[in-house]
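Q: Take a look at the following structure, please.
The values are calculated or read from the model by the stated rules, or taken from the named source; none is laboratory data. Fair warning: this is a prediction, and the values are worked out from it, not measured in the lab. Note: ideal-geometry Cβ built from the backbone for every residue, glycine included; neighbour counts use all protein chains shown.
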């Protein structure tokens, strides 16, 4: 086991301090400029493909492949108009469907996975190691091979062509990825907090809600963001469970613009794909506020 | 209360739970095929693959039907590969849509889950009287009529007539031998310089191979079995290897990049080639992006073979577990025989099995589509509809592509590649 | 200042005993786990076991599965060259791509954790690629970048290099997918950031007061306290990379091309199961993957005892 970090108790002399501080200020500014420059270049490089897609969404169909540059030669809003009303169903329907499924998935994961993580991370129970291993095992199974048996199962329930197969599993913590994530975050919190709460007479439930949960905000935020993104962009599961196009989610809608043997509506595809980034990005920006510094030490004091 | 007494009973409960959960599932998967409920329905589930324009066409046609007959439709669409992914899961759960789209490559695989339509044909409810006989025969799998031919495409070459004329060849390439075709390709490539070839690479396409085989009286699959020997494949791969080596067809890299790319960005569209391996009914789509007038041609004849044209159909079938079969048949009958429907659908799947229907379309379709349709009619006499493939046969598509890649990359000799392909296909098809 | 914890003996509060506390905790655990148990037994376990059973059968979705013993596994290991190709491709992807992705994510998380101006913009920008994930648009974008006439070659042309088609060349196609993985470092980066946020600022301030330099702080405070998160990212990115499907499917059109150079293991599995309807063989492939991943994960867990520091004093 790694050693616990020990802080040096001896205090440096005042003179050492001053000189060190001056050195630090100079190098800090240079480093800061360097850092910002590098970050900016990297950022631009990172989003170039997305900028290209944005540009393409404003190009007329025959220009998309003809001119590979970023900026359109002719600007047009056609793609957005046609894309929104593609194939008789408004993309608004798809956005609404995706919103419902995603929102419920986020709630489900947040509740179920946190509860399970607390049990795995803080409580003791029989065969805990075995259950933990089984939980991890479920992450390792390739999705494609359980999809058929699961489909048959849900078909027996009569849940085909509903949102239920997409949502109910989230409330039953089937996304073990997040259980494991939160266990890891949990385990970096010192046990003294729990013990302090216990001394005050709190049972496991109160400890969970009043002490641990607030400190897990970064983990909860991460769970929420990832669930949002993965559910929003999930293609395969909605593909097989949703047969009625009016229930399609956004990825299914986007896919309908493609026609491997004919004319794909690339312009509409890019336009709607750009739009569909909106909610995801928006959610992420809002959620970022909650990725705040932990206040772990207040428990100690 | 000791803790040791609990685990045993808990384990028993777990075991019971497991059995309780897995057994019903396994049993249902092994369940005998359900028989469809009633024969009529007020609503039908119709599944197909395709993009925007096809979705719109089906919507228009089926709205017409609804207005006249009151039956509503739930259209379930997806792109080609996702369609079959969803299809597979639905098969496992015995919950296929009432009417499903089908091709000859898959029908052998799913035959037991599809409804035999012979009674409907015999009784005349499904009126195929205007059809060519070969299109009716194409629907038969082991004596059962399982798939209805809705349109056929001829896998062959599309060519840029303007470019060909400009290169000094104004005669009809439909009359050419493979040797002449090969020479012309090399000539065009040399004249064009860098980034110019005669034709796109067709060595990895099972349909080109099929046509080549039929010229010799053979075929990819004959009577449910592999209809060729490694020597045939060797000869075929050599044709294309020679063409590549002589510069008439592009090297592996080019083919790989454009075959994985979008339809609108093919070699012929970019002006890299004059000939393009493809399905004849793709020509109108490509025309929209290409400079120069596009036409169709059959695959040039190799050696002393006969000129043939294969016909790859897109079909519909009825699910054995579906509902409203009588209603479905009535709709299909209306679809194939009513001018209004034909005129909306046009040649979406290619040429129609009824000569009358094709003639109805000729005056109303766009110029490129008319050229395609005329080509389809012109090859009708020598055209053979591709018969249903045996189960597992779909592996041929990948295997022949891999064989061609191997040869093009210089990883395997033609003999070895042909042998591997044959062996692996034999192992799969059995 | 973190001090070594001293074991605190449980005080005998009103009506509480160690035994009843444990029992309370044990019972409470089951309540907390109730959703997961339900999900596991009802939704996961059945299909999981079913797929295991299927791996010993020949199952075509249409007809009943027929038991064939270990034939699938035998074929996999002795008569299926594509299996080894897929395994090799995936292994390269994992062992080259994941470390590169994680290092990038970590360095950038560090760089962004400094309370600098415009932090949230950078964070969003770096995360954007991950949002695009499995979108069909990615395929086209990647061609635009790495194709023969793509942006990368255009840039190279300005310095006189005539680049090949990166995505059509079997030697470089996998490289473009690894780049795609690294490009989407946003996910592990966010997790690293969240972990960094959890480290109390007081620790750094105390270290500053004692004159500790950057590197000291990094190695003595950041890395140890972040180690559970690093471990998590490592374990999960390895698992995810082994199961990677969408990048190859989307960029190669589901073929694993060119020449099987992007044939990820799960893509091969998908082809066997959904294109050729060999569900039995696909299940066998799946469980072989599970064993491989489980083995690697176990190794990860065992090794973690040496370098992962948990704050809960375990």
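Q: Mind counting the residues in the stretch C:196-214 that are within 25 Å of residue C:305 (Cβ to Cβ) and either crowded, with 20+ Cβ neighbours inside 10 Å or more than 8 Å from chain A (Cβ to nearest Cβ) (or both)?
A: Initially, the stretch C:196-214 is screened for residues within 25 Å of residue C:305 (Cβ to Cβ), giving C:196, C:198-200, C:203.
In the following step, the residues that additionally are either crowded, with 20+ Cβ neighbours inside 10 Å or more than 8 Å from chain A (Cβ to nearest Cβ) (or both) were identified as C:196, C:198-199, C:203.
Number satisfying all stated conditions: 4.
Q: I would also like to ask the following. Going through the stretch B:91-116 one residue at a time, which ones are under 17 Å from residue A:160 (Cα atoms) and touching a strand residue (DSSP E or B) at 6+ places or on another chain (Cβ under 7 Å)?
A: Step one: of the stretch B:91-116, the residues under 17 Å from residue A:160 (Cα atoms) are B:91-98.
Listed by number, the residues that qualify are B:96, B:97, B:98.
Q: Out of (1) more than 10 Å from chain A (Cβ to nearest Cβ); (2) in contact with a helix residue (DSSP H, G or I) (Cβ under 7 Å, 6 or more places away or on another chain), the odd one out for residue C:302 is which?
A: Every condition holds for residue C:302 apart from (2).
Q: Please determine whether any residue of the stretch A:156-166 is free of Cβ contacts under 8 Å to residues at least 24 places away in the same chain and either more than 30 Å from residue C:283 (Cβ to Cβ) or facing chain C (nearest Cβ under 7 Å) (or both). Break it down stepwise before answering.
A: As a first pass, look at the stretch A:156-166 and keep what is free of Cβ contacts under 8 Å to residues at least 24 places away in the same chain: A:156-158, A:164.
Then drop every residue that is not either more than 30 Å from residue C:283 (Cβ to Cβ) or facing chain C (nearest Cβ under 7 Å) (or both), which leaves none.
Checking the stretch A:156-166: not a single residue is free of Cβ contacts under 8 Å to residues at least 24 places away in the same chain and either more than 30 Å from residue C:283 (Cβ to Cβ) or facing chain C (nearest Cβ under 7 Å) (or both).
Q: Yes or no: the stretch B:112-127 includes at least one residue that is within 14 Å of another protein chain (Cβ to nearest Cβ), assigned to a helix (DSSP H, G or I) and within 28 Å of residue B:398 (Cβ to Cβ). Steps first, answer last, please.
A: Of the stretch B:112-127, the ones within 14 Å of another protein chain (Cβ to nearest Cβ) are B:112-114.
Imposing the further condition that a residue be assigned to a helix (DSSP H, G or I) reduces the set to B:112-113.
With the extra rule that they be within 28 Å of residue B:398 (Cβ to Cβ), the set shrinks to B:112-113.
There is at least one residue in the stretch B:112-127 that is within 14 Å of another protein chain (Cβ to nearest Cβ), assigned to a helix (DSSP H, G or I) and within 28 Å of residue B:398 (Cβ to Cβ).
Q: Filter the stretch A:269-291 down to residues that are within 30 Å of residue A:214 (Cα to Cα) and more than 8 Å from chain C (Cβ to nearest Cβ), then give me how many there are. Explain how you work it out, then say what you get.
A: Applying the first criterion (within 30 Å of residue A:214 (Cα to Cα)) to the stretch A:269-291 yields A:277-291.
Narrowing the set further to residues that are more than 8 Å from chain C (Cβ to nearest Cβ) leaves A:278-279, A:282-283, A:286-287, A:289-290.
Within the stretch A:269-291, residues that are within 30 Å of residue A:214 (Cα to Cα) and more than 8 Å from chain C (Cβ to nearest Cβ) number 8.
Q: Working carefully through the options B:130, B:72, B:89, find the one that is surrounded by fewer than 17 Cβ atoms within 10 Å (Cβ to Cβ) and without any contact (Cβ under 8 Å) to a residue 60 or more places away in the chain. Before you say what the answer is, go through the steps one by one.
A: Working: B:130 fails: without any contact (Cβ under 8 Å) to a residue 60 or more places away in the chain; B:89 fails: surrounded by fewer than 17 Cβ atoms within 10 Å (Cβ to Cβ).
B:72 is the lone residue from the list that is surrounded by fewer than 17 Cβ atoms within 10 Å (Cβ to Cβ) and without any contact (Cβ under 8 Å) to a residue 60 or more places away in the chain.
Q: I'm told residue B:363 meets every condition in (1) away from chain C (no Cβ under 14 Å); (2) in contact with a strand residue (DSSP E or B) (Cβ under 8 Å, 6 or more places away or on another chain) except one. Can you identify the failing condition by its number?
A: (2)
Q: Would you be able to tell me the number of residues in the stretch B:188-209 that are assigned to a helix (DSSP H, G or I) and surrounded by fewer than 17 Cβ atoms within 10 Å (Cβ to Cβ)?
A: Kept after step one, since they are assigned to a helix (DSSP H, G or I), are these residues of the stretch B:188-209: B:188-192, B:206-209.
Okay, now just the ones that are also surrounded by fewer than 17 Cβ atoms within 10 Å (Cβ to Cβ), so B:190-191.
Summing the residues that are assigned to a helix (DSSP H, G or I) and surrounded by fewer than 17 Cβ atoms within 10 Å (Cβ to Cβ) in the stretch B:188-209 gives 2.
Q: So which of A:214, A:190 is surrounded by fewer than 23 Cβ atoms within 10 Å (Cβ to Cβ), more than 9 Å from chain C (Cβ to nearest Cβ), under 30 Å from residue C:221 (Cβ atoms) and out of contact with any helix residue (DSSP H, G or I) (no Cβ under 6 Å at 6 or more places or on another chain)?
A: On the way: A:190 fails: more than 9 Å from chain C (Cβ to nearest Cβ).
Just a single option satisfies the conditions, and that option is A:214.
Q: Do we find a residue being under 21 Å from the mean Cα position of the chain (by Cα) and in the same structural domain as residue B:66 (by TED's automatic domain parsing) anywhere in the stretch B:244-257? Break it down stepwise before answering.
A: Initially, the stretch B:244-257 is screened for residues under 21 Å from the mean Cα position of the chain (by Cα), giving B:255-256.
Cutting the leftovers down to in the same structural domain as residue B:66 (by TED's automatic domain parsing) gives us none.
The answer is no; no qualifying residue exists.
Q: State whether the residues of the stretch C:217-228 include one that is more than 14 Å from chain B (Cβ to nearest Cβ) and within 30 Å of residue C:287 (Cβ to Cβ). Explain how you work it out, then say what you get.
A: Of the stretch C:217-228, the ones more than 14 Å from chain B (Cβ to nearest Cβ) are C:217-228.
Restricting the remaining residues to those that are within 30 Å of residue C:287 (Cβ to Cβ) gives C:228.
Yes, the conditions are met somewhere in the stretch C:217-228.
Q: Next question. In this structure, does residue B:58 turn out to be within 14 Å of chain A (Cβ to nearest Cβ), under 30 Å from residue B:210 (Cβ atoms) and in contact with a helix residue (DSSP H, G or I) (Cβ under 9 Å, 6 or more places away or on another chain)? Let's see the steps before the verdict.
A: Numbers: within 14 Å of chain A (Cβ to nearest Cβ): yes; under 30 Å from residue B:210 (Cβ atoms): yes; in contact with a helix residue (DSSP H, G or I) (Cβ under 9 Å, 6 or more places away or on another chain): yes.
In short, yes.
Q: Search the stretch B:255-280 for residues being within 14 Å of chain C (Cβ to nearest Cβ) and under 17 Å from residue B:188 (Cα atoms), and hand back the single one that is surrounded by the most Cβ atoms within 10 Å (Cβ to Cβ). I'd like the intermediate steps shown before the answer.
A: Just the residues of the stretch B:255-280 that are within 14 Å of chain C (Cβ to nearest Cβ), to begin with: B:255-267, B:269-272.
Subsequent filtering for residues that are under 17 Å from residue B:188 (Cα atoms) retains B:267, B:269-272.
Numbers: B:267: 26, B:269: 23, B:270: 16, B:271: 15, B:272: 20.
Looking at residues that are within 14 Å of chain C (Cβ to nearest Cβ) and under 17 Å from residue B:188 (Cα atoms), I get B:267.
Q: So which residues in the stretch B:74-90 are part of a helix (DSSP H, G or I) and in contact with a strand residue (DSSP E or B) (Cβ under 9 Å, 6 or more places away or on another chain), if there are any at all? It would help to see each step written out before you state the result.
A: Step one: filter the stretch B:74-90 for residues part of a helix (DSSP H, G or I), giving B:80-90.
Selection gives B:80, B:81, B:82, B:83, B:84, B:85, B:86, B:87, B:90.
Q: May I pose another question? Which one is surrounded by the fewest Cβ atoms within 10 Å (Cβ to Cβ) among residues in the stretch B:210-229 that are in contact with a helix residue (DSSP H, G or I) (Cβ under 6 Å, 6 or more places away or on another chain) and under 14 Å from residue B:104 (Cβ atoms)?
A: Within the stretch B:210-229, the match that is surrounded by the fewest Cβ atoms within 10 Å (Cβ to Cβ) is B:219.
Residues are listed down the side, and each one gets a yes or a no for (1) farther than 23 Å from residue C:143 by Cα; (2) surrounded by 12 or more Cβ atoms within 10 Å (Cβ to Cβ); (3) in contact with a helix residue (DSSP H, G or I) (Cβ under 7 Å, 6 or more places away or on another chain):
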position: A:29; (1), (2), (3): yes, no, no
position: A:36; (1), (2), (3): yes, yes, no
position: A:47; (1), (2), (3): no, yes, yes
position: A:53; (1), (2), (3): no, yes, yes
position: A:75; (1), (2), (3): no, no, no
position: A:79; (1), (2), (3): no, yes, yes
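Q: Still on this structure, I have one more. Taking residue B:235, is it part of a helix (DSSP H, G or I), at pLDDT below 90 and either surrounded by fewer than 24 Cβ atoms within 10 Å (Cβ to Cβ) or within 14 Å of another protein chain (Cβ to nearest Cβ) (or both)? Quick ask: steps written out before the conclusion?
A: On the way: part of a helix (DSSP H, G or I): yes; at pLDDT below 90: no; either surrounded by fewer than 24 Cβ atoms within 10 Å (Cβ to Cβ) or within 14 Å of another protein chain (Cβ to nearest Cβ) (or both): yes.
Taking the combined requirement at face value, the residue does not satisfy it.
Q: Could I ask something else about it? Condition first: within 13 Å of chain A (Cβ to nearest Cβ) and out of contact with any strand residue (DSSP E or B) (no Cβ under 6 Å at 6 or more places or on another chain). Can you find one or more residues in the stretch C:163-178 that meet it?
A: Residues of the stretch C:163-178 within 13 Å of chain A (Cβ to nearest Cβ): C:176.
From what is left, the residues that are out of contact with any strand residue (DSSP E or B) (no Cβ under 6 Å at 6 or more places or on another chain) are C:176.
Yes, the stretch C:163-178 contains at least one residue that is within 13 Å of chain A (Cβ to nearest Cβ) and out of contact with any strand residue (DSSP E or B) (no Cβ under 6 Å at 6 or more places or on another chain).
Q: In the list C:286, C:248, C:259, which residue meets the criterion of being in contact (Cβ under 8 Å) with a residue 60 or more places away in the chain, surrounded by 22 or more Cβ atoms within 10 Å (Cβ to Cβ) and under 27 Å from residue C:190 (Cα atoms)?
A: Values: C:286 fails: under 27 Å from residue C:190 (Cα atoms); C:259 fails: under 27 Å from residue C:190 (Cα atoms).
Of C:286, C:248, C:259, the one residue that is in contact (Cβ under 8 Å) with a residue 60 or more places away in the chain, surrounded by 22 or more Cβ atoms within 10 Å (Cβ to Cβ) and under 27 Å from residue C:190 (Cα atoms) is C:248.
Q: Tell me which of these residue C:154 doesn't satisfy, since it passes every other one: (1) over 21 Å from residue C:260 (Cβ atoms); (2) surrounded by 19 or more Cβ atoms within 10 Å (Cβ to Cβ); (3) at pLDDT 80 or above.
A: Of the numbered conditions (1) over 21 Å from residue C:260 (Cβ atoms); (2) surrounded by 19 or more Cβ atoms within 10 Å (Cβ to Cβ); (3) at pLDDT 80 or above, the odd one out for residue C:154 is (2).
Q: Sticking with this structure for a sec: Quick one: in the stretch C:28-67, of everything that is modelled with pLDDT of 90 or more and in a loop (DSSP other than H, G, I, E, B), which residue is nearest to the other protein chains (Cβ to nearest Cβ)?
A: Taking the candidates together, the pick is C:55.
Q: Just one of C:148, C:117 is surrounded by fewer than 20 Cβ atoms within 10 Å (Cβ to Cβ) and either part of a helix (DSSP H, G or I) or at the interface with another protein chain (Cβ under 8 Å from one of its Cβ atoms) (or both); which is it? First the steps, then the outcome.
A: Numbers: C:117 fails: either part of a helix (DSSP H, G or I) or at the interface with another protein chain (Cβ under 8 Å from one of its Cβ atoms) (or both).
Answer to the selection: C:148.
Q: Among the numbered conditions (1) surrounded by fewer than 23 Cβ atoms within 10 Å (Cβ to Cβ); (2) facing chain C (nearest Cβ under 10 Å); (3) at pLDDT 90 or above; (4) over 27 Å from residue C:269 (Cα atoms), tell me where residue A:116 comes up short.
A: All conditions pass for residue A:116, except number (1).
Q: Which of (1) in contact with a strand residue (DSSP E or B) (Cβ under 7 Å, 6 or more places away or on another chain); (2) surrounded by fewer than 18 Cβ atoms within 10 Å (Cβ to Cβ) is the odd one out, the single condition residue B:119 does not satisfy?
A: (1)
Q: Out of C:104, C:90, I need the residue that is in a helix (DSSP H, G or I) and buried (at least 21 other Cβ atoms within 10 Å of the Cβ). Which one? Please lay out each step first, then the result.
A: Working: C:104 fails: buried (at least 21 other Cβ atoms within 10 Å of the Cβ).
Sole residue among the options that is in a helix (DSSP H, G or I) and buried (at least 21 other Cβ atoms within 10 Å of the Cβ): C:90.
Q: Sticking with this one: Would you confirm whether or not the stretch B:378-398 contains a residue that is under 18 Å from residue B:236 (Cβ atoms), within 10 Å of chain C (Cβ to nearest Cβ) and touching a strand residue (DSSP E or B) at 6+ places or on another chain (Cβ under 7 Å)?
A: yes
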